[in-house]
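Visitor: What follows is a structure written as C-alpha cells; I'll ask about it next.
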Amino acid sequence: MPLPSLARVCRLDSVYLLFLKIMRKIVFILSVFAMSQVNAQKESNPLLQDWKGPNNGAPAFNEYKVSHFKPALESAMKEDLAELDAIANNKQTPTFENTILALEKSGKKLSRVLAVYYVFSSNINTPDFEAVQTEMEPKLASHRDKKTQNKKLFLRIEHVHNNQDKMNVTEEQKRLIDKYYENYVLEGARLDGDAKQKLGTINQQLAVLYTKFSQNLLAEENNQCLEIANQAQLKGMPADFIEAAKLKSKESGKKAFGCIENTRSSVEPLLTYADDRSVREKAWRMFINRGDNGNANDNNQLISDILKLRTERAKLLGFQNHADWKLSNTMAKTPAAAMKLMMDVWAPAVAQVRAEVADMQKIVDSEGGKFKIEPWDYRYYAEKVRKSRYDLDQNQVMEYLQLDKLREGMFWVAGEMFNMNFTPAKNIQVFHPDVKVWEVTNKTNGKYVGLFYFDPYARKGKRSGAWMTDYRSQERFNGEVPTLVSNNSNFIKGKDGEPVLISWDDATTLFHEFGHALHGLASDVNYPMLSGTNVTRDYVEFPSQVLERWLTTPEILQNYALHFKTGKPMPKELIEKIENASKFNIGFETVEYLSSALVDMKLHMTTEAIDVDTFERETLAEIGMPSEIVMRHRIPQFAHLFSDDGYSAGYYSYLWADVISADAWEAFLEGKGGYDKEVGARLLKYVLSAGNSIDQNEAYRKFRGRDPKVDALMKSRGFPIGK
C-alpha cells in the first residue's frame, strides 16, 4: 500500500486539529451552560436568598421545600469555608479588625440556612426531611471541624489573643477575642494533624448517632398512643382532655373511643386525674419506655456508642472525661462543684418525698386500697392530698389558665418590667398555620426590637417538650440587626374557637420559655457571638427561671387568670390557696429532676463501657432514689443529652441557675416587691441586655452587689438552710 503524500498528511492533520478545536468549543460551551444551570439553581433556591422585608427581613417559610436543603447547605458551607480561607490567608499582621471582626461578618448565609433547617428539624419533621438530616448531619459536623481545625486561621486568632493588650480594643472586644480563642482551643485547634483527623471522624460519627437518636424518639412519640376503650376509662379527666383524646383517635384512624398521645403534655394530666389505676399504669409505662422497647427505635446501643465516642474525644482533647471537657468553660468549672450542689439539695429533697409518700399512703389505706404507692400513683394521690390539705383542686385552677390570656400576661410583664411592646405582625410568613408572630418595639421610643414567633401546639413531626430558639441573633457592629426569637410548646389543641386550658405546671413552663425569649429580645451588644442567650449553659436558665416567678404575682393572677366561661378573675381565696400550697409536692419535683441531673453527670464522668439500663438502675440505687418516682428523663429518651452535645453533662444547669434566680428574686422582695422598677432596670442592664459581653459572675455581682447565695433556693423549696 503506497504511503500517503506529505501534502495529504498535512491536510489530514489540519482537519483533525480543526475537529479538536470545534470539540473543545462545544465542551466549553456545554460546561458554561452546565455551570450557568447550577448557578441558576442556586440563585433560584429560596434558602440561599437574603431574607426580605424591613428590619433585615425574616424567613420566607412558605417558599421553602425539603428538596432545597441539601443544595443550599452544600452551597452555603462552601461559601463559608471560602470566607474563612480568605481570612486565614490574609498576608497582613493579624488584628482585631482583619481576623476577629472578619469572622463575625462571615458565614451569614449558612446561618440563615441553618436557622430554617433547625426549624424543620424540630417543628415539621417528615420522613423526607429525616433522609436529608441523615445525609447532612455528618457533613455539617465535618464542616464545623474544618473551621475550628484550620491551622492558619487559629494562628491568627491566637496572635490576636496573645497581643490584645497592645491593641486598641474595648472590653467587649476583649471578651469576644477570648471567646473565639477559648472555643477554638476546646474544639481541638491545638491538636496535630493525625489527632485532628481522628477528632473529625469522631464528630461525624456522633452526628450520625445524634440524628438517629432523635429520629427514634420522634418515632416512638408519633407512632405510639394508648387506646381508650370507653369514656369510663377517662373518669376524672377534664372535659377538654376527653375531647382532645377523641379527636386524636379520629385523626389517627383508630376505632377506639380515644387515644392518649405518647407525650408529656398528654400523659401527665392523665396520671394526675384519671381514676382508673390500670389506665394510669399503661400510660406511664408507654411514656417511660420510649426508646427502651427493644424494637427498631431502641436507643440503648446508640447511647453506649455515643458515650464511648465522647470519652475518646475528651481524652483526645486532654480531658479526663466528657464532663470535665463540658464544664471547663462554665460557671461551675468542674463536675465536683456541680455534684456538691446537687447532693446538698438531694438529701432534703428525698426526705421531703418520704413525707409526701406517707401522706398519700394514708389516703390509699383509708380508701381500702391494698397497694403501695407506685410511680403511676404519685401524681394522682398527690392531687388528693393537695385537695385535702389546701382545699386546692388543680382542675379548678386550670379553668382560669387560658393559654391566650396567660400569653397576654407575659407580654404585660415584658412591658411593665422591660419596656417592651408586642403588636401582632403583618405579612410575616410562618411554617405552620398555628404559628403566630408579634412585632416587638420599645414602649418609650417606639424603636423596633425584633419579632417573636409562638408555636404552641403538639402535632406529628414536632419534637416533644418546650423550647426557645432564635432565628437570628441581635448585633450592631455592622449596622443594626434585630433578633428573631421563637417559643415552641406542645399544648393539646382543642376545638376551633374554644380556649385552650393548661395546667399550672404548663403555665410555669410557658413563662419559663418566655424568659429565654426576653433574654434574646433584650440583647443590646455589638457582636452576635456575645448576643442574647449565647452565655454559659449554667447561666442561660437564670433569666428563664426568674420569669417563672412573675406568674405567681397577684397582678398576673387577678388580671390574666380569667375563668374560661365567666371571664371573671381568679378569686383571692383561690390565689391564697395557691400561695399556701406553693411548696407542696416540692420533694417530688426536685427528686424527679435532680435524679436525671445526677445520672447525667455520673454518666459523663464514667469512662468505661456501660449497659445503659444497668447503669441507670445501679446509679439510682446508689443515690437512694425513692421507688415511687422515676427520673424525669430516663436515659433512653434523654434528648437533652443525646440529640446533640448541648446539655450533656449539663442538666445540672437548671439547679445551678435556680440558685441564682432564687437569689435574684430575693432582690425584688427585699425592695418594693416583684414589680420594683429599680431592681428590674438592673436585671435588664446587667443580665438580659448584656448577653455574654461580660463575665457572667461579674454580671451577677453588678446586678446583685454580691455573689448568689444558696439560702434563697433552699428557702423557696422549704428545705432546711445549712449552716
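The values are calculated or read from the model by the stated rules, or taken from the named source; none is laboratory data. Just so it is clear, the model here is predicted, and its values are computed rather than measured. Glycine also receives a Cβ, built like all others from the backbone with ideal geometry; neighbour counts cover every protein chain displayed. Each accessible area value is taken on the protein alone, full model and side chains, heavy atoms only, with ligands, DNA and RNA left out. Shrake-Rupley method; radii C 1.70, N 1.55, O 1.52, S 1.80 Å.
Visitor: Can we say LYS282 is touching a Leu at 6+ places or on another chain (Cβ under 9 Å) and either over 30 Å from ALA458 (Cα atoms) or in a helix (DSSP H, G or I) (or both)?
Guide: yes
Visitor: Here are some conditions: (1) open to solvent by less than 30 Å² (accessible area, probe 1.4 Å); (2) under 31 Å from the mean Cα position of the chain (by Cα). ASP240 meets all but one. Which one does it not meet?
Guide: (1)
Visitor: Applying the selection to segment 395-427, what residues are crowded, with 17+ Cβ neighbours inside 10 Å, touching a Gly at 6+ places or on another chain (Cβ under 8 Å) and outside any strand (DSSP E or B)?
Guide: Correct list: MET417, PHE418.
Visitor: Also, quick follow-up: Restricting attention to segment 318-353, which residues are part of a helix (DSSP H, G or I), surrounded by fewer than 17 Cβ atoms within 10 Å (Cβ to Cβ) and either charged (D, E, K, R) or at pLDDT below 95 (or both)?
Guide: Taking segment 318-353 and keeping what is part of a helix (DSSP H, G or I), we get 322-327, 335-353.
Retained after the next criterion (residues that are surrounded by fewer than 17 Cβ atoms within 10 Å (Cβ to Cβ)): 336-337, 340, 343-344, 347, 351.
Within segment 318-353, LYS340, ASP344 meet the criteria.
Visitor: Of GLY294, GLY253, GLY258, which residue is open to solvent by less than 20 Å² (accessible area, probe 1.4 Å) and either more than 24 Å from the chain's Cα centre (by Cα) or under 22 Å from MET631 (Cβ atoms) (or both)?
Guide: Values: GLY294 fails: open to solvent by less than 20 Å² (accessible area, probe 1.4 Å); GLY253 fails: open to solvent by less than 20 Å² (accessible area, probe 1.4 Å).
None of the others qualify; the one that does is GLY258.
Visitor: Residue check, HIS633 against (1) exposed (fewer than 15 other Cβ atoms within 10 Å of the Cβ); (2) free of Cβ contacts under 8 Å to residues at least 40 places away in the same chain; (3) not charged (D, E, K, R), all met but one. Which one?
Guide: (1) is the only condition that HIS633 fails.
Visitor: Can you list the strands (runs of 3 or more DSSP E) found entirely within segment 428-532 that contain at least 3 residues being at positive phi and touching a residue at least 40 places away in the same chain (Cβ under 8 Å)? First the steps, then the outcome.
Guide: Working: elements: 436-442, 448-457, 467-472, 483-491.
Answer list for segment 428-532: none.
Conditions tested, residue by residue: (1) closer than 21 Å to LEU47 by Cα; (2) touching an Asp or Glu at 6+ places or on another chain (Cβ under 7 Å).
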| residue | (1), (2) |
| --- | --- |
| THR423 | no, yes |
| VAL430 | yes, no |
| PHE454 | no, no |
| GLU475 | no, no |
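Visitor: Among residues belonging to segment 118-141 that are touching a Phe, Trp or Tyr at 6+ places or on another chain (Cβ under 8 Å) and of a type in the set (Gly, Ala, Ser), point out the one that is nearest to ALA458 (Cα to Cα).
Guide: Selected residue: SER122.
Visitor: Also, I was wondering about something else. If you go through segment 684-695, how many residues are surrounded by fewer than 20 Cβ atoms within 10 Å (Cβ to Cβ) and under 18 Å from ALA332 (Cα atoms)?
Guide: The qualifying residues number 2.
Visitor: Let me ask something additional. Which condition does TRP284 not pass, out of (1) open to solvent by 60 Å² or more (accessible area, probe 1.4 Å); (2) of a type outside the set (A, V, I, L, M); (3) within 28 Å of the chain's Cα centre (by Cα); (4) more than 25 Å from ASP128 (Cα to Cα), if it passes all the others?
Guide: With (1) open to solvent by 60 Å² or more (accessible area, probe 1.4 Å); (2) of a type outside the set (A, V, I, L, M); (3) within 28 Å of the chain's Cα centre (by Cα); (4) more than 25 Å from ASP128 (Cα to Cα) applied to TRP284, the lone miss is (1).
Visitor: Mind counting the residues in segment 156-174 that are open to solvent by 40 Å² or more (accessible area, probe 1.4 Å) and either within 21 Å of SER111 (Cβ to Cβ) or not in a helix (DSSP H, G or I) (or both)?
Guide: Residues that pass the stated criteria total 3.
Visitor: Since LYS248 meets every condition but one in (1) open to solvent by less than 20 Å² (accessible area, probe 1.4 Å); (2) assigned to a helix (DSSP H, G or I); (3) not polar (S, T, N, Q), which condition does it not meet?
Guide: Every condition holds for LYS248 apart from (1).
Visitor: Let me spell it out: the conditions are (1) touching a helix residue (DSSP H, G or I) at 6+ places or on another chain (Cβ under 9 Å); (2) touching a residue at least 12 places away in the same chain (Cβ under 8 Å), and SER278 meets all of them except one. Which number is the exception?
Guide: Condition (2) is where SER278 drops out.
Visitor: Specify which of the listed residues (LEU101, LEU114, LEU153) is open to solvent by less than 10 Å² (accessible area, probe 1.4 Å) and of a type outside the set (Phe, Trp, Tyr). Step through it out loud before you land on a result.
Guide: Details: LEU101 fails: open to solvent by less than 10 Å² (accessible area, probe 1.4 Å); LEU114 fails: open to solvent by less than 10 Å² (accessible area, probe 1.4 Å).
Testing whether each residue is open to solvent by less than 10 Å² (accessible area, probe 1.4 Å) and of a type outside the set (Phe, Trp, Tyr) leaves just LEU153.
Visitor: Okay, moving on. Starting from residues that are modelled with pLDDT of 95 or more and charged (D, E, K, R), keep the ones in segment 361-380 and report whichever is nearest to the chain's Cα centre (by Cα).
Guide: Filtering segment 361-380 for residues that are modelled with pLDDT of 95 or more and charged (D, E, K, R), the one nearest to the chain's Cα centre (by Cα) comes out as ARG379.
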